[in-house]
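For reference, the structure is listed below as structure tokens.
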Amino acid sequence: MKNLVWSAGFVRKFKRLVKKNQQLRIQIEKTLELLAEDPFNSSLRTHKLKGDLDGVWSCSIDYDNRILFEFIVNPDSGDEEIFLLTLGSHDEVY
């Protein structure tokens, strides 16, 4: 199980999305649990991005919403962690 590190931007977007759509909170939390357990679970449809977002990964919350993240190494423990960059609709994050 990997540690999830929330960026300030991710926290802001999370609060904004949940405020608009309370039901989305449950889906986001389930997606984050799956992501921590197995980032390449087939239901997440995880894939690496190209172009301006080279090195960034994306996974699906639902049909329209995505989470963008990077794999990073914790300098203290040496463990690989998942750094959550942003979330939102397909058009917002790409």
Answer yes if at least one residue in the range 47-55 is surrounded by 14 or more Cβ atoms within 10 Å (Cβ to Cβ), in a loop (DSSP other than H, G, I, E, B) and among the hydrophobic types (A, V, I, L, M, F, W, C), and no otherwise. yes
For residue 58, which of the numbered conditions (1) assigned to a helix (DSSP H, G or I); (2) under 16 Å from residue 94 (Cβ atoms) fails to hold? (1)
Residue, farthest from residue 10 (Cα to Cα), within the range 72-85, restricted to residues that are touching a residue at least 24 places away in the same chain (Cβ under 8 Å) and either open to solvent by 30 Å² or more (accessible area, probe 1.4 Å) or part of a loop (DSSP other than H, G, I, E, B) (or both): 79
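Suppose we keep only residues that are among the polar types (S, T, N, Q) and within 18 Å of residue 57 (Cα to Cα) within the range 8-45. Which one would you say is most open to solvent (accessible area, probe 1.4 Å)?
Initially, the range 8-45 is screened for residues among the polar types (S, T, N, Q), giving 21-23, 27, 31, 41-43.
If we keep only those that are within 18 Å of residue 57 (Cα to Cα) as well, we get 31, 41-43.
On the way: 31: 9, 41: 42, 42: 103, 43: 67 Å².
Result: 42.
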Only one of (1) assigned to a helix (DSSP H, G or I); (2) without any contact (Cβ under 8 Å) to a residue 60 or more places away in the chain does not apply to residue 1, and that is (1)
Go through (1) modelled with pLDDT under 95; (2) in contact with a strand residue (DSSP E or B) (Cβ under 6 Å, 6 or more places away or on another chain) for residue 77 and report which single condition fails. (2)
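Would you mind stating whether residue 14 is within 16 Å of residue 81 (Cα to Cα) and under 13 Å from the mean Cα position of the chain (by Cα)? Outline the logic, then answer.
Numbers: within 16 Å of residue 81 (Cα to Cα): no; under 13 Å from the mean Cα position of the chain (by Cα): yes.
Taking the combined requirement at face value, the residue does not satisfy it.
The values are calculated or read from the model by the stated rules, or taken from the named source; none is laboratory data. For clarity, every value in this text was computed on a predicted model and none was experimentally measured. Cβ coordinates were reconstructed from backbone atoms using ideal geometry, including for glycine residues, and neighbour counts include every protein chain displayed. When the accessible area is computed, the model is the full protein with side chains, heavy atoms only, and any ligands, DNA or RNA have been set aside. Shrake-Rupley method; radii C 1.70, N 1.55, O 1.52, S 1.80 Å.
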